[in-house]
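Some notes on the structure that comes next.
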Amino acid sequence: MDEQLRKRLFETIRKDFDIDPATFDSEKPIREQISLDSMRFVGIIARIELELDIELPMSIMEAKTLHDFLTTVDETMKNRIS
């Protein structure tokens, strides 16, 4: 993932939801590391879609780890550019 995109995502999450994704273990389930219910997760997804002007696939809801989440966003951005 492009470092600038990663920073932008992290800043959006940190600013709007007071969660510091840099403290996550990218291979552990996100929900084990923070209290993140489905509504809050949908809010994060919606904010990122607005920020990046993209539409993330529904499969993003199945992301278990930060790595899975970032990979889906990265692939969506690459497909948008191609």
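The values are calculated or read from the model by the stated rules, or taken from the named source; none is laboratory data. Here the structure is a predicted model, which means the values were calculated and not measured. As a convention, Cβ positions derive from the backbone with ideal geometry for all residues, glycine included, and neighbour counts pool all protein chains shown.
General remarks:
- When Ile48, Ile19 are screened for being surrounded by 12 or more Cβ atoms within 10 Å (Cβ to Cβ), in contact (Cβ under 8 Å) with a residue 12 or more places away in the chain, in contact with a helix residue (DSSP H, G or I) (Cβ under 7 Å, 6 or more places away or on another chain) and in a helix (DSSP H, G or I), only Ile48 passes.
- For the stretch 52-66, taking the residues that are at pLDDT 90 or above and in a helix (DSSP H, G or I), the one that is farthest from Ile30 (Cα to Cα) is identified as Leu52.
- Looking across the stretch 21-51 at every residue that is charged (D, E, K, R) and at pLDDT 80 or above, the one that is farthest from Glu75 (Cα to Cα) is identified as Asp37.
- Taking the listed residues Thr65, Thr76, Thr71, the one that is out of contact with any Gly (no Cβ under 9 Å at 6 or more places or on another chain), surrounded by 13 or more Cβ atoms within 10 Å (Cβ to Cβ), touching a residue at least 60 places away in the same chain (Cβ under 8 Å) and of a type outside the set (Asp, Glu) is Thr71, with no other qualifying.
- On the stretch given as the stretch 22-45, residues that are assigned to a loop (DSSP other than H, G, I, E, B) and either of a type outside the set (A, V, I, L, M) or within 12 Å of the chain's Cα centre (by Cα) (or both) total 7.
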